[in-house]
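Novice: Let me begin by handing over the structure; questions about it come next.
Read the figures in this text as sums done on the coordinates, not as results from a lab. Values in this document were obtained by computation on a predicted structure and should not be read as measured data. As a convention, Cβ positions derive from the backbone with ideal geometry for all residues, glycine included, and neighbour counts pool all protein chains shown.
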Amino acid sequence: MLKESCWVWFKGSIKEQGYWKGGFTGTKDEKPGILIESPSYVSCRVPEWRVRSTEPTDLNQPPEIPEGGIWKIIG
């Protein structure tokens with residue numbers, strides 16, 4: 001199990017663009033995706049493309065989103 005600080009991509013809304021947000025701890029284990037945790041958010045598992053281990057140079061530059069990519073892993 002690997003646990004490290006990370007940045008997570010949020011897709012925004014109709015009124016605001018997407019952005020990277022820091023302050024999360026990401027855990028990679030045998031399950032798919034990465035478990036993200038923060039005192040300000042409910043812990044959940046997200047696909048790897050939504051997580052970075054280093055601060056992005058542009059906080060509004062989206063990651064490469066796979067076609068049909070899921071945003072949250074349930075289960």
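Novice: List the GluC sites (Glu not before Pro) within the chain that fall in a DSSP loop (any state other than H, G, I, E or B) and whose Cβ has at most 16 other Cβ atoms within 10 Å. Show your work: numbers first, answer last.
Specialist: Numbers: sites: Glu4, Glu16, Glu30, Glu37, Glu48, Glu64, Glu67; in loops: Glu16, Glu30, Glu64, Glu67.
Taking the chain and a limit of 16 other Cβ atoms within 10 Å, the loop GluC sites (Glu not before Pro) found are Glu16, Glu30, Glu64, Glu67.
Novice: Quick one: putting +1 on the C-beta of Lys and Arg, -1 on the C-beta of Asp and Glu, what dipole do you get for the chain around its Cα centre, in Debye to the nearest 20? Each step should come with its number before you reach the end.
Specialist: Values: 10 positive and 10 negative charges, 48 e Å.
Here the chain has a charge dipole of around 220 debye.
Novice: Roughly how compact is the chain, stated as its Cα Rg over 2.2 N^0.38 Å to two decimals? Provide the component values of the computation, followed by the final result.
Specialist: On the way: Rg = 12.0 Å, N = 75, 2.2 N^0.38 = 11.3 Å.
Relative to the rule-of-thumb radius for its length, the chain sits at 1.06.
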